[in-house]
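Taking it in order: structure first as structure tokens, then the write-up.
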Amino acid sequence: MTAERTRIQESPGDKLFLGGVYTFLLLALVIVLYPLVYIVSASFSSPEAVASGEVWLFPVHFSLEGYKAVFGNSLILTGYANSLFYAATGTLISVTLTIMIAYPLSRKTFYGRGPLIFFVLFTMLFAGGLIPTYMVVKTLGLIDTRWALLLPNAILAYQVIIARTFFQSTVPDELVEASQLDGCSDIRFIGSVVLPLSKPIIAVLALMYAVGQWNAYFDALIYLKTQELYPLQLILRSILVLNNATPIDAEEMIRRQQIAELMKYSLIIVASIPVLVIYPFVQKYFVKGVLIGSVKG
Amino acid sequence: MDSAQATTTAAKQMKMNRSGRERRPLQKSLRLHWQLYLLVLLPIMYFVIFKYIPMFNSVLAFKEYNITKGIWGSPWVGFKYFELFFENPVAWTLIKNTLHISLYQLAVTFPVPILLALALNEIRNGRFKRTVQMVTYAPHFISTVVMVSIIMLFLSPRLGIVNTILNAFGMESVNFLGSSKLFSTVFVFSELWQTAGYSAIIFLAALAGIDPSLYEAAKVDGASRMQKIRHVDLPGILPAAVIVLILSVGNIMALGFEKIYLLQNPLNLETSEIIATYVYKMGLLNANYSFATAVGLLNSIVNLVLLVIVNAAARRVSDNSLW
């Protein structure tokens with residue numbers, strides 16, 4: 001309906017303007033998409049083609065050498081397994097803790113709600129900083145343990161706010177009151193009413209925490225020393241950014257350098273696959289997360 | 001009949017509850033919601049241990065850290081480390097670099113998502129619109145390490161596709177990451193590439209929330225698309241824009257450590273060393289705990305003050321604010 005009417009009334013000036021809008025968006029699309037396509041194509045090309053700069057859009061001399069190099073590297077595989085563990089465990093811990101505080105904060109009859117919200121929000125305004133936090137982790141004996149990646153950033157204040165806003169708008173006060181009159185305890189109410197109603201927010205929280213955990217490298221950089229505990233991102237850092245790829249052998253040096261270069265593209269793909277595979281299906285949840293978060297409350 | 005009665009009873013009970021709560025609110029709430037208090041216990045412990053204790057640990061900035069005596073047993077030294085920082089000429093370079101990169105970033109990454117949202121809002125073609133959204137949101141999910149390695153691969157002076165393209169147009173190769181002049185530009189525009197689409201979501205939502213009758217009125221008045229954007233769309237997204245701006249300004253000093261640290265190399269260090277990376281190097285790599293805490297604390301405080309000022313200004317000027 002609206003589309004029809006708009007089209008009929010389109011003046012020449014508006015048509016020109018709309019043309020400009022389409023050009024702008026097309027340009028944005030190409031600028032964002034091209035690097036992504038290029039990486040995928042390069043990762044499937046031969047080492048020589050990548051090294052000589054022949055690849056510019058489609059794979060040149062299709063090969064899986066880069067992927068062979070990635071999967072032949074035991075460090076990468078360990079890192080991958082570690083990251084899967086950190087993402088799964090960390091998400092479980094984070095989502096549970098976030099809901100444990102967000103739900104009570106959404107109940108009007110919960111005395112002390114105001115100060116407690118401030119207590120959470122204040123951590124977004126002022127942080128103790130790197131060294132003081134490091135000292136706490138050190139005192140607790142968490143340095144160089146898996147806990148160091150799971151606990152220090154387990155709850156994000158922003159996620160608490162998102163979840164609280166969701167509970168406030170989804171679980172009506174009347175329902176809570178009715179359940180109380182029926183003698184239903186808070187815990188039972190959460191289990192049988194709140195959680196079933198909250199699948200969308202649990203999905204949003206889980207995805208945001210999981211992606212955050214999968215992509216993080218900084219905590220691992222400062223807290224971990226043992227290579228067997230390293231998450232994938234830290235291994236990526238040493239291969240991709242610091243260039244500590246393969247020990248260079250004098251004979252096959254050039255060839256190895258080429259493979260090391262090609263492997264970077266394949267590694268980027270392999271490292272991003274868990275997130276990119278789920279991305280199309282969960283995009284709406286991320287959008288939802290941003291939207292709930294943007295509601296002032 | 002029954003339900004109506006139940007409701008009245010409920011209402012009565014509620015009234016009683018309310019008067020009861022006024023007398024002894026905490027006891028009442030505790031008796032009624034002891035399970036909820038039990039639930040929040042663990043999260044509260046988390047915030048105390050990992051957020052509040054570090055805040056108190058910041059007193060380290062005013063002490064001479066002694067590993068055997070611990071934070072609280074170490075002797076006070078007052079503002080020694082703050083003075084030490086400002087006496088060092090490097091302090092001003094750090095502040096200058098932090099501010100320069102932050103403000104440059106704000107100037108580029110604040111307006112572009114708004115433009116993108118306005119443009120997306122103009123078109124009716126569902127499939128094209130969805131494709132643009134889907135593709136432009138995607139880079140948001142790329143990790144910092146991968147993002148930095150993409151930047152390095154693309155900008156490599158020898159093999160990078162950017163320089164291959166420059167050469168194809170007859171231009172000379174540029175060593176983007178080896179140049180202290182180009183560092184901030186590389187940082188800011190890669191940031192734009194990664195975040196523009198995702199940041200547009202909030203403005204798209206604001207646009208979707210604009211009262212349709214305003215558009216009808218604009219149409220009746222014969223407004224062009226441009227006029228409609230100026231007089232309906234822009235006022236409609238102003239509140240969201242103000243909030244985003246406040247948050248960005250509040251983050252000026254909290255410039256992301258993670259990406260800059262990975263992009264640093266000896267050639268660009270002159271402009272890429274910022275307060276956060278300096279704190280990390282001084283504190284954790286050189287074990288200069290008190291000094292690094294002082295610099296970090298200074299940074300946090302400036303940040304908080306900035307946020308408060310911007311919030312107050314926004315409230316006065318536009319009625320929109322965080323609190």
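Here are the numbers for this structure:
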item: Listed residues A:187, A:269, A:161, most fluctuating in chain A (Gaussian network, C-alpha, under 10 Å); result: A:187
item: Spacing of the two label points (7 Å from each Cα toward its C-beta) at residue B:312 and residue B:226, in nm; result: 4.1
item: Between the range A:256-292 and the range A:79-151, the Cα center-to-center distance that results, in Å; result: 25
item: Rounded, prolate or oblate (a/c below 1.5 giving rounded, otherwise prolate when a/b exceeds b/c) for the range A:1-120 by Cα gyration tensor; result: oblate
item: Candidates B:310, B:242, B:135: whichever shows maximal mean-square fluctuation once chain B is modelled as a Gaussian network with Cα springs under 10 Å; result: B:135
item: Cα gyration tensor shape of the protein assembly as shown, rounded if a/c is under 1.5, else prolate or oblate by comparing a/b with b/c; result: oblate
item: For the range B:187-251 and the range A:183-208, distance of Cα centres in Å; result: 34
item: Ellipsoid equivalent to the range B:90-204 - semi-axes via the Cα gyration tensor, in Å; result: 28, 21, 13
item: Cα gyration tensor shape of chain A, rounded if a/c is under 1.5, else prolate or oblate by comparing a/b with b/c; result: oblate
item: Helix-only CD estimate at 222 nm, as mean residue ellipticity for chain B, using -39500 (n - 2.57) per DSSP H run (n ≥ 4); result: -22500 deg cm²/dmol
item: Under 12 Å, Cβ to Cβ, from residue B:180 - net charge with Lys/Arg +1 and Asp/Glu -1; result: -1
item: GNM flexibility winner over chain B from B:230, B:130, B:24 (Cα, springs under 10 Å); result: B:24
item: Net charge contributed by nearby residues that have their C-beta within less than 13 Å of residue A:60 (K/R +1, D/E -1); result: -3
item: Alpha carbon centroid spacing (whole Å) that separates the range B:55-131 from the range B:253-323; result: 2
item: Sum of side-chain charges, residue A:83 neighbourhood, beta-carbon under 15 Å (Lys, Arg +1; Asp, Glu -1); result: 0
item: Heavy-atom accessible area order for A:263, B:171, largest first, 1.4 Å probe; result: B:171, A:263
item: Using alpha-carbon coordinates, inclination of helix A:12-43 to the longest axis of chain A, degrees; result: 60
item: Candidate residues B:323, A:56: accessible-area rank, largest first, probe 1.4 Å; result: A:56, B:323
item: Cβ-derived FRET efficiency at R0 45 Å, residue B:59 paired with residue B:128, nearest 0.05; result: 0.20
item: Calculated FRET value between residue B:180 and residue A:188, using beta carbons and R₀ = 56 Å, to 0.05; result: 0.35
item: Per-pair calculated FRET efficiency, R0 = 56 Å: residue B:24 and residue A:23 via Cβ, rounded to 0.05; result: 0.25
item: Gain upon complete extension [residue B:92, residue B:106; 0.36 nm per residue less C-alpha separation]; result: 3.0 nm
item: Full-extension gain in nm, residue A:40 to residue A:64, via 0.36 nm per residue minus C-alpha separation; result: 7.5 nm
item: Once the Cα gyration tensor of the range B:81-157 is diagonalised, semi-axes √(5λ) in Å; result: 38, 18, 10
item: Count of Lys pairs (Cα-Cα under 28 Å; at least 8 positions apart or interchain) in the range B:170-315; result: 4
item: Two-site label geometry, residue A:140 and residue A:238: point separation in nm, points 7 Å out along Cα→Cβ; result: 2.6
item: Surface accessible to a 1.4 Å probe, residue A:80 within the full protein complex, Å²; result: 50
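The values are calculated or read from the model by the stated rules, or taken from the named source; none is laboratory data. The shown structure was predicted, so the numbers you read here are calculated from the model rather than taken from an experiment. So basically every Cβ, Gly included, is an ideal-geometry build from the backbone, and we count neighbours across all protein chains shown. Just so you know, the surface numbers come from the protein's heavy atoms only, side chains and all, with ligands and any DNA or RNA stripped out. Shrake-Rupley method; radii C 1.70, N 1.55, O 1.52, S 1.80 Å.
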